[in-house]
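K.L.:
Have a look at this one.
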Amino acid sequence: MAQIIDGSLIAKEIRQEIAKQVEQYIAQGYRRPGLSVILIGNDPASEIYVRNKQKACVEVGFESTIHKLESDISQSEISRIIHQLNQDEKVDGILCQLPIPEHLSEQKIIEAIDPKKDVDGFHPINAGRLFSGMDSLLPCTAAGIIQMLKRIDYDFIGKNALVIGRSNIVGKPTAILLLNENCTVTIAHSKTENLAQLCQKADLLVTSAGKENFIRAEYTNPDQVIIDVSINRNQFGKVVGDVDFKEVSPLVKAITPVPGGVGPMTIAMLLENTLTAYLKFVKNNFKEQQESNI
Ligand code: GUN
């Protein structure tokens with residue numbers, strides 16, 4: 001039986017570490033870190049995700065504000081709100097929950113956010129910095145996958161990693177981060193041929209295909225570690241990943257469950273990014289204060 005990688009537990013440890021750091025800064029007289037979440041319309045899944053993000057913020061001692069906007073809001077009005085949040089010194093992180101209504105441009109919204117406050121890590125500046133090997137705010141799911149593997153002492157070096165999915169949010173950044181950890185990385189997608197064969201050879205399989213029971217026994221090997229990123233609903237309304245968990249879990253070395261695997265790690269990394277942005281703000285502000293006291 002595989003090791004079940006407990007993302008909920010690892011995420012809880014990370015939240016505790018963040019909460020401790022926040023308290024240290026509060027004790028020194030600094031303000032709390034602040035996260036602003038923009039939610040457009042009434043998508044029920046998005047409302048749940050946003051509520052979970054807010055709950056996590058409260059738990060670690062962040063200020064969190066939700067800007068709930070009508071689904072017919074104009075692009076220019078959103079730009080105005082984001083501009084205000086960019087200027088607000090109490091706001092360290094800004095994110096707009098996706099998906100958004102069709103009349104709006106996701107790219108324009110992402111690009112309106114100050115890259116220093118882009119805690120989703122979706123802004124082209126942060127994507128470019130990641131691609132160039134520079135310090136950046138990382139996309140939360142990709143960062144969560146790497147962090148989870150590090151915390152189970154996974155030895156990345158020289159491993160054959162196969163990433164299924166080429167999205168800007170998950171597949172591409174995960175592949176780059178695995179490359180940075182010295183894995184040999186392949187990105188598979190909907191046009192990939194012989195996927196089962198590729199999967200079967202992988203030491204590390206990261207799947208974000210979004211298809212229930214997509215990964216079956218013939219895709220695996222006994223030394224394989226599987227990270228299941230997808231959140232699908234099966235015919236009974238139950239949340240499941242891409243992996244046929246019952247069939248596959250006895251056959252591999254380690255595997256993440258869905259739910260309770262990557263999901264909680266994504267939120268933990270959102271908190272981590274907000275803390276990183278906050279610490280940069282505090283350091284810069286503190287330096288300015290010192291200079292003005294001379
Ligand atoms: N919708 C689904 N996943 C995400 C995410 O990571 N960030 C945002 N902003 N929206 C999402």
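The values are calculated or read from the model by the stated rules, or taken from the named source; none is laboratory data. Quick caveat: nothing in here was measured; it's all calculated off a predicted structure. Note that each Cβ is placed from the backbone with ideal geometry, even for glycine, and that neighbours are counted across all protein chains shown. Surface areas here come from the heavy atoms of the whole protein model, side chains and all, with no ligands, DNA or RNA. Shrake-Rupley method; radii C 1.70, N 1.55, O 1.52, S 1.80 Å.
K.L.:
Two decimals is fine: what is log10 I(q)/I(0) at q = 0.11, 0.13 Å⁻¹ for the chain, from a Debye sum with one equal scatterer on every Cα and no solvent?
P.N.:
-0.68, -0.94
K.L.:
Also, quick follow-up: Under a Cβ-only charge scheme (Lys and Arg +1, Asp and Glu -1), can you give me the dipole magnitude of the chain about the Cα centre, in debye to the nearest 20?
P.N.:
Using Cβ point charges on Lys, Arg, Asp and Glu, the chain gives about 220 debye.
K.L.:
Can you list the lysines whose alpha carbon is less than 27 Å from that of Lys253, not counting same-chain residues fewer than 8 positions off?
P.N.:
Qualifying lysines at Cα under 27 Å: Lys12, Lys150, Lys159, Lys172, Lys201, Lys211, Lys238.
K.L.:
Which value, in Å³ per residue, describes the convex hull spanned by the Cα atoms of segment 196-278?
P.N.:
Spelled out: Cα convex hull of segment 196-278, divided by residues, is 102 Å³.
K.L.:
Net charge within 15 Å of Glu17 by Cβ-Cβ distance, Lys/Arg positive one each and Asp/Glu negative one each, not counting Glu17 itself?
P.N.:
+1
K.L.:
Could you check how much of the accessible area of the chain is carbon and sulfur, as a whole percent, using a 1.4 Å probe?
P.N.:
Of the solvent-accessible surface of the chain, carbon and sulfur hold 51 percent.
K.L.:
Hey, another quick one. Net charge within 12 Å of Ala127 by Cβ-Cβ distance, Lys/Arg positive one each and Asp/Glu negative one each, not counting Ala127 itself?
P.N.:
Residues near Ala127 contribute -1 overall.
K.L.:
Once you have a ≥ b ≥ c as the square roots of the Cα gyration tensor eigenvalues for segment 144-273, tell me rounded if a/c is under 1.5, and otherwise prolate or oblate according to whether a/b is larger than b/c.
P.N.:
rounded
K.L.:
Under a 1.4 Å probe, what is the accessible area of segment 182-294 per residue, stated in Å²?
P.N.:
Heavy-atom SASA per residue in segment 182-294 reads 52 Å².
K.L.:
Related question: Just to confirm the filter: which GluC sites (Glu not before Pro) across segment 19-78 are DSSP coil and have at most 14 other Cβ within 10 angstrom of their Cβ?
P.N.:
Sites meeting the loop and neighbour criteria: Glu70.
K.L.:
Would you mind giving the three semi-axes, in whole Å and largest first, of the ellipsoid equivalent to segment 63-168 according to its Cα gyration tensor?
P.N.:
Largest first, segment 63-168 gives 30, 16, 13 Å.
K.L.:
Give the relative contact order (percent, whole number) for the chain; include only Cα pairs under 8 Å separated by 6+ residues.
P.N.:
21 percent
K.L.:
Which of these, Ala45, Ala142, Ala209, has the largest mean-square fluctuation under a Gaussian network model of the chain (Cα springs below 10 Å)?
P.N.:
Among Ala45, Ala142, Ala209, the largest mean-square fluctuation in the Gaussian network model of the chain belongs to Ala45.
K.L.:
For segment 90-135 and segment 198-214, compute the distance between their C-alpha centroids and round to whole Å.
P.N.:
Each part's Cα centre sits 28 Å from the other's.
K.L.:
For segment 23-91, what D do you get in µm² per second when you plug the Kirkwood radius from alpha-carbon pairs into Stokes-Einstein at 37 °C and 0.692 mPa s?
P.N.:
My calculation gives 244 µm²/s for D.
K.L.:
Per 0.36 nm of contour for each residue apart, how much would the distance between Gln87 and Lys55 grow if the chain were fully extended, relative to their Cα-Cα spacing?
P.N.:
Length gained between Gln87 and Lys55: 9.0 nm.
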